[in-house]
Structure formats: structure tokens, C-alpha cells
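Participant: Can you keep this structure in mind? I'll have questions shortly.
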Amino acid sequence: MLVCDTKKSYILIASEIQKEFERLEHELKPNRVIGFIREKFLIEDAKAVIAEAYISEAQTKYIVLGAEEFHSVSQNSLLKVLEEPPRNIEFIIISPTKSNLLPTVRSRLPIYKGESIRKLIHLDLNLAQINYAQIFAFLKEHARIKKNDAKMLVEALYYRATVIDMLILSASQLENFDKAYRLLELNSRAQSVLALLLMGFTRE
């Protein structure tokens, strides 16, 4: 998992691009969501995205780039704005495969898989206000979770915290996400790893 400090921009790997865009429009309300959904993402599309990004916004605006194919020239032209987005601008790139995207683009944004994001529909958990009772209930619900499902849940919790709950994570919280993923790779008990992660959000 790639943890991208306090940025909320990210890459989403999903086959049904239009469907994911519609889900994002609904999920990110009341923020503005501007879509550039194409079969092939060309240089003229990249120029339109950059122009949209520099239209100033008082609140966060999400610019969604979705395509079956991203031309390398168009990707290269986006690198600067992805690295240093204007104030209140976040980018979401939807692609059916990571290999569509240049390494320079992939290195700038965290990558999520569609199935891990869809788990959020079932996460009735506000990490900005979580308490010990909610953590206990969550751990009980996921007591028998398998390693790969636990990895997706860690990604989903990061997405929930930074995109849905719009939290700016502390250095220790970011470190916990990295640590959680490494521990799961080492076959640590999933319930203990999730407990470590969630306890970092309590204010009690």
C-alpha cells in the first residue's frame, strides 16, 4: 500500500470506469466532482484537466480522470499539477490496470483497488469520532478476517480517514498504516493489527 502523506488524491484500479465515477459523484457530495471520462485520454484532455484545476475553489473540488487507455504524452503533461495541485483541488485517476499508467504517475499517488474501496459501503465507522466501544464492536465483527481481506480493509480505512472523513493524519497515524500493512505481510494476527490501527484514532 502506498501512503501519500496528507494528500487525498489517488489512483483507483477498476474495470467499470463510468460506474465508479457515478459512485464517486454520490459519495463525495456536497463537494464538486468534475469528470473527464474517456475511452482514450489524450493530450487535449490533459490540457482541459489542467485548465479546470486552476479554476479557484473555496471548497475541495475533485477532478476525476477515467479512461481505458492513457497516452504517455498526456500523462507527462499532468505530472506537475499532480505533484503540486492548486489549493482545494484533488485528483482521482480511474484505470482498469496499473500498467496503463507511467511509473512517474504511479509514484505520485496512492493506489487502491476497486473492491477495497467498495468495502467502504459497509464501514459505518467515522474515524474522526471513533471510541473504544466502536473499536471493540468492529474487531468482533472482523474476528475471523483473512490476510488478504485484512489488507483491503487497511486500505479502505486509510481511504475512509483521508477522503470520506477528510482527516489530516498525524505522523504516528501514517506510520501505523505502514506498520499495519507490513505486519499483515508477516502474517501477524489481523485482529491485533486492526486494533493497533484503530486505537491511533481514539481521543478518549
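Participant: Can you compute the charge dipole magnitude of the chain about its Cα centre, using +1 on each Lys and Arg Cβ and -1 on each Asp and Glu Cβ, nothing else charged? Give it in debye, rounded to the nearest 20.
Facilitator: It comes to approximately 500 debye.
Participant: What full-extension length gain, to one decimal in nm, is calculated for ALA51 and ALA133 as 0.36 nm per residue of separation minus the Cα-Cα distance? Mind dumping the intermediate values first?
Facilitator: Working: separation 82, 0.36 × 82 = 29.52 nm, distance 4.69 nm.
So the extension gain works out to 24.8 nm.
Participant: Using a Förster radius of 30 Å, what is the FRET efficiency between ARG87 and GLU44 based on their Cβ-Cβ separation? Nearest 0.05, please.
Facilitator: 0.75
Participant: Contour minus end-to-end for THR202 and ASN76, with contour as 0.36 nm per residue of separation and end-to-end as the Cα-Cα distance?
Facilitator: Taking THR202 through ASN76 to full extension adds about 41.3 nm, to one decimal.
Participant: Okay, next question. Residue-wise, which Karplus ³J(HN,Hα) couplings in Hz belong to the range 141-146, taking 6.51 cos²θ - 1.76 cosθ + 1.60, θ = phi - 60°, and x for glycine or proline?
Facilitator: My calculation for the range 141-146 gives 5, 10, 4, 10, 5, 8 Hz in order.
Participant: For the chain, find the longest principal axis of its Cα atoms and tell me its angle to the long axis of helix 190-199, 0 to 90°, nearest 10.
Facilitator: The answer is roughly 80 degrees.
Participant: What size of dipole, in debye to the nearest 20, comes out for the range 10-113 about its Cα centre when the only charges are +1 on Lys and Arg C-beta atoms and -1 on Asp and Glu C-beta atoms?
Facilitator: Computed charge dipole of the range 10-113: roughly 240 debye.
Participant: Using amide H atoms built 1.01 Å from N in the peptide plane, name the residues 5+ places from ILE93, or on other chains, whose amide H lies under 5 Å from its own.
Facilitator: TYR10, ILE11, LEU12, LEU65
Participant: Also: At a threshold of 8 angstrom on Cα-Cα distance, excluding pairs fewer than six apart, so keeping six or more, what relative contact order does the range 10-113 reach in percent?
Facilitator: The value is 41 percent.
Participant: Separate question: In whole Hz, with x marking every Gly and Pro, tabulate ³J(HN,Hα) for the range 162-178 from phi via Karplus 6.51 cos²θ - 1.76 cosθ + 1.60, θ = phi - 60°.
Facilitator: Once rounded to whole Hz, the list reads 8, 9, 7, 7, 6, 8, 9, 6, 6, 4, 5, 5, 4, 5, 4, 5, 4.
Participant: What net charge do the residues around TYR54 carry, taking every other residue with its C-beta under 13 Å from that of TYR54, with Lys and Arg at +1 and Asp and Glu at -1? Can you show the working numbers first?
Facilitator: Numbers: positive: LYS47, LYS61, LYS80, ARG87; negative: GLU52, GLU57, GLU84.
Combined, the nearby Lys, Arg, Asp and Glu give +1.
Participant: Which angle from 0 to 90°, rounded to the nearest 10, does the C-alpha axis of helix 43-53 make with the longest principal axis of the chain?
Facilitator: Its long axis makes an angle of about 60 degrees.
Participant: Starting from 0.36 nm per residue, how many nanometres of slack lie between GLU141 and GLU16 once their C-alpha separation is accounted for?
Facilitator: Length gained between GLU141 and GLU16: 42.1 nm.
Participant: For the Cα atoms of the chain, what angle does the longest principal axis make with the long axis of helix 72-83, in degrees from 0 to 90, nearest 10?
Facilitator: Orientation of helix 72-83: about 60 degrees from the principal axis.
Participant: Let me check against my output: what whole-number percent is the relative contact order of the chain, with C-alpha pairs under 8 Å and at least 6 apart?
Facilitator: Taking the mean separation of contacting Cα pairs over the length of the chain, I get 25 percent.
Participant: Still on this structure: I'd like to know which of LEU167, GLN75, VAL33 lies farthest towards the positive end of the charge dipole of the chain, counting +1 on Cβ of Lys and Arg and -1 on Cβ of Asp and Glu.
Facilitator: Farthest towards the positive pole: LEU167.
Participant: Starting at the first residue of the range 104-110, write each ³J(HN,Hα) from the Karplus equation 6.51 cos²θ - 1.76 cosθ + 1.60 with θ = phi - 60°, in whole Hz, x for Gly and Pro.
Facilitator: 5, 6, 4, 6, 8, 9, x
None of the figures in this text is laboratory data; all of them are computed from the coordinates on show. Keep in mind that this is a model prediction, so the values were computed, not measured. Virtual Cβ from ideal backbone geometry, glycine too; neighbours counted across all protein chains shown.
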